[in-house]
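Asker: This is the structure I have questions about; it appears just below.
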Amino acid sequence: MSHYKAPLTDMRFALFDVLQAEATFQRLGFAEATRDVLDAVLQEGARFNETVLAPLNAIGDQVGCSHAQATGAVTTPPGFKQAYAQYVEGGWAGLTSPVEFGGQGLPLAAGVPLKEMIDAANLAWGNFPLLSHGATEALQQHGDAWQREMFLKPLVEGRWTGTMCLTEPHCGTDLGLLRTRAEPQADGSYAVTGTKIFITAGEHDFTDNILHLVLARLPDAPTGSKGISLFIVPKVRVGQDGSLGAANAVRCGSIEHKMGIHGSATCVMNFDGAQGYLVGQPHKGLMGMFTMMNTARLAVGLQGLGLSDRAYQNALTYSRERLQMRALSGAKCPDKPADPIIVHPDVRRMLLTCKALVEGGRVMGYHGALLVDIARHAPDALEREQADALLGFMTPIVKACLTEWSVECTYHALQCFGGHGYIAEHGMEQLARDARITTLYEGTTGIQALDLLGRKVVQQQGTGLRVLLGMIETFCNEHQGNAAVAEFIGPLRAKAVEWQQLTEQVGRRAAADPDEIGAAAYDYLMYSGYVALAYWWARSVAASEASEQSARLKAGKRETARFYFARLLPRTLGHAAAVAGGASTLLALDADAFSP
């Protein structure tokens, strides 16, 4: 069975040394978010995840969830419900939620390390409270006063959980095709009817009530995505005083049997005239949906990060202990019958790849959450505007790259175990299966790529990219004479220039042929992720050298950055060449000619 220990030293380094989060929190008005408070949160969060959630990870995979066809009830794996009760009792559910609704009022970035710990310790369990945050955000920003008063407090306290009921069997990502309908009722509510699929935590035994955020069409709705409204549909009807009433007409029809995250209930939800309430304006439901979706996309990126870190930890431990062959340059442990496999260059390649993608990805993911805090709370309007633009640009990169890299890292880690990797005993194959799914939900990698290139770059004229390129230029100028990072400045400057040129190249071609966007999107996204990570690695080295961190940590950052720039950043060359290949290389073959 795999083990997990929260990487508190590197979490603190990313948050406090690289991102200077404590000073930012104080500037944004979060007076309670001091280093002492945040350290206590990290320490207690580590205890909860290491001792409560992590031991349940294998159990959840082996037992999974069960569904009672007769009643629609879902039973979670042994220990999951009890762990959720401890989670609620510890106040974790409302860590970053507003005080007025029962939360602790900490900034979002202060809760991100806890989120990473949960995902590493037990990803399947973490899916149950995951979407409550998105539901909270949607109600805060789009709900009426009575809806916030009625529904937010039990959500924030964890007494209820939330879901996102978006897609349907026939429409997938194209929500303009959805058929779920909402009929106005005399009391001001709506009768919601339809079937939703792939609903994470749509039914479970953790709480007495579940709040479903449902996309549906009003009778007078125009066709397509402009005719979608958002409704809140409780599993159990809620009285005007907040008391629970009769069961609503919503039921879990089945749960999916998946390749991974077996302990997470992925439900088919049937609404049969269920009582619901309109959230926001009629036909404007996509605004609320994107509020939930963008939050969830950052969260899923952190899932990829957590899985990568757990896999890396276990592979590193195994590689230090497993004896096999001698080093090519001569025995490194002559007192032992063979050398530990960590001495072999190819094992080092896999471990360093994991280390580079995990530690660099940690800073990138945490920065995404910090941008949310800045965009909402910065006193200066221009700073809020720039943070929001950069957040929009980075969200698809964080989601797609951290999950795609989790597939790579979990498979590298599994490979370090050799034949022991694909058997269940060591738990590595579970991490690999779980990681593969993270690239799919909350928008596949292809969807993230289209969002990045089509919307954030072409439609919005690269506003967020310009902000990031400005940050890179400022960093390079400030550290031009810094010997500690001098070796990274030139390559980083060159990649920033190349990134801008590549963007302009794609933009020109897309103006003549819109298919160029779809053809370039994936490679453009991955190229962007690798260049962004180069920036964070250069900043990490600069931050480590300027800090009071140990010599061991400083050496680890410096050598890992060198590995990254020498062996992973060159992947951009292949992605840039693929972008240059153009749409014709993908579209010239007639669809019928794919088969011989």
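The values are calculated or read from the model by the stated rules, or taken from the named source; none is laboratory data. All figures in this text were calculated on a predicted structure; none of them were measured in a lab. All Cβ positions, glycine included, derive from the backbone under ideal geometry; neighbour counts span all protein chains shown.
Asker: Can you confirm whether Asp346 is of a type in the set (Asp, Glu) and outside any helix (DSSP H, G or I)?
Answerer: no
Asker: Could you check how many residues of segment 476-500 are part of a loop (DSSP other than H, G, I, E, B) and under 16 Å from Phe565 (Cα atoms)?
Answerer: Residues in segment 476-500 being part of a loop (DSSP other than H, G, I, E, B) and under 16 Å from Phe565 (Cα atoms): 2 in total.
Let's see how each residue does on (1) over 17 Å from Val531 (Cβ atoms); (2) out of contact with any Ser or Thr (no Cβ under 9 Å at 6 or more places or on another chain):
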position	(1), (2)
Ala432	yes, no
Gln460	yes, yes
Leu465	no, no
Cys476	no, yes
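Asker: Shifting gears a bit: Given the options Gln104, Gln86, name the one that is buried (at least 17 other Cβ atoms within 10 Å of the Cβ) and among the polar types (S, T, N, Q).
Answerer: Gln104
Asker: Name the residues in segment 194-205 that are surrounded by 19 or more Cβ atoms within 10 Å (Cβ to Cβ) and touching a Lys or Arg at 6+ places or on another chain (Cβ under 9 Å), would you?
Answerer: Hits for segment 194-205 are Gly194, Gly202, Glu203, His204.
Asker: Output the qualifying pairs, or none if there are none: Cβ atoms under 7 angstrom, residues six or more apart or on different chains, first residue in segment 355-372 and farther than 16 Å from Asp119 by Cα, second residue not in a helix (DSSP H, G or I).
Answerer: Val363/Leu19; His367/Leu19; Leu370/Leu19
Asker: Follow-up. Select, from Gly304, Gly280, the only residue that is within 22 Å of Leu468 (Cβ to Cβ) and buried (at least 21 other Cβ atoms within 10 Å of the Cβ).
Answerer: Gly304
Asker: Scan segment 167-179 and tell me whether some residue there is in the same structural domain as His283 (by TED's automatic domain parsing), part of a strand (DSSP E or B) and modelled with pLDDT of 90 or more.
Answerer: no
Asker: A further question on this structure: Filter segment 206-225 for residues that are surrounded by fewer than 17 Cβ atoms within 10 Å (Cβ to Cβ) and in contact with a Leu (Cβ under 9 Å, 6 or more places away or on another chain); which is farthest from Thr75 (Cα to Cα)?
Answerer: Result: Gly224.
Asker: Out of everything in segment 139-152 that is out of contact with any helix residue (DSSP H, G or I) (no Cβ under 9 Å at 6 or more places or on another chain) and in a helix (DSSP H, G or I), what residue ends up being surrounded by the most Cβ atoms within 10 Å (Cβ to Cβ)?
Answerer: First, pick out the residues of segment 139-152 that are out of contact with any helix residue (DSSP H, G or I) (no Cβ under 9 Å at 6 or more places or on another chain): 144-146, 150.
Next cut, in a helix (DSSP H, G or I) only: 145-146, 150.
Working: Ala145: 7, Trp146: 10, Met150: 21.
Checked segment 139-152; the qualifying residue surrounded by the most Cβ atoms within 10 Å (Cβ to Cβ) is Met150.
Asker: So, one more: Within segment 199-219, track down each residue that is modelled with pLDDT of 95 or more and of a type outside the set (A, V, I, L, M).
Answerer: Residues of segment 199-219 modelled with pLDDT of 95 or more: 199-207, 209-219.
If the condition is that a residue be modelled with pLDDT of 95 or more and of a type outside the set (A, V, I, L, M), then Thr200, Gly202, Glu203, His204, Asp205, Phe206, Thr207, Asn209, His212, Arg217, Pro219 are the ones that fit.
Asker: Of the numbered conditions (1) in contact (Cβ under 8 Å) with a residue 12 or more places away in the chain; (2) not in a helix (DSSP H, G or I), Asp335 satisfies every one except a single condition; which is it?
Answerer: That leaves (1) as the condition not met.
Asker: Assigned by TED's automatic domain parsing to the domain that holds Leu573, surrounded by 15 or more Cβ atoms within 10 Å (Cβ to Cβ) and not in a helix (DSSP H, G or I): does that describe Gln549? Even if it seems obvious, please write down each step before you answer.
Answerer: Numbers: assigned by TED's automatic domain parsing to the domain that holds Leu573: yes; surrounded by 15 or more Cβ atoms within 10 Å (Cβ to Cβ): yes; not in a helix (DSSP H, G or I): yes.
Yes, satisfied.
Asker: When you look at Thr136, is it out of contact with any helix residue (DSSP H, G or I) (no Cβ under 7 Å at 6 or more places or on another chain), surrounded by 24 or more Cβ atoms within 10 Å (Cβ to Cβ) and not charged (D, E, K, R), yes or no?
Answerer: So Thr136 fails the test.
Asker: While we're here: So how many residues does segment 278-304 have that are within 15 Å of Met164 (Cα to Cα), assigned to a helix (DSSP H, G or I) and either over 10 Å from the mean Cα position of the chain (by Cα) or polar (S, T, N, Q) (or both)?
Answerer: Of the residues in segment 278-304, 11 are within 15 Å of Met164 (Cα to Cα), assigned to a helix (DSSP H, G or I) and either over 10 Å from the mean Cα position of the chain (by Cα) or polar (S, T, N, Q) (or both).
Asker: Also: Out of the residues in segment 321-359 meeting the condition of being surrounded by 12 or more Cβ atoms within 10 Å (Cβ to Cβ) and basic (Lys, Arg), tell me which one is modelled with the lowest pLDDT.
Answerer: Lys332
Asker: Could you pull out the residue among Gly239, Gly245, Gly263 that is of a type in the set (Gly, Ala, Ser), touching a residue at least 24 places away in the same chain (Cβ under 8 Å) and not assigned by TED's automatic domain parsing to the domain that holds Asp388?
Answerer: So the residue among Gly239, Gly245, Gly263 that is of a type in the set (Gly, Ala, Ser), touching a residue at least 24 places away in the same chain (Cβ under 8 Å) and not assigned by TED's automatic domain parsing to the domain that holds Asp388 is Gly263.
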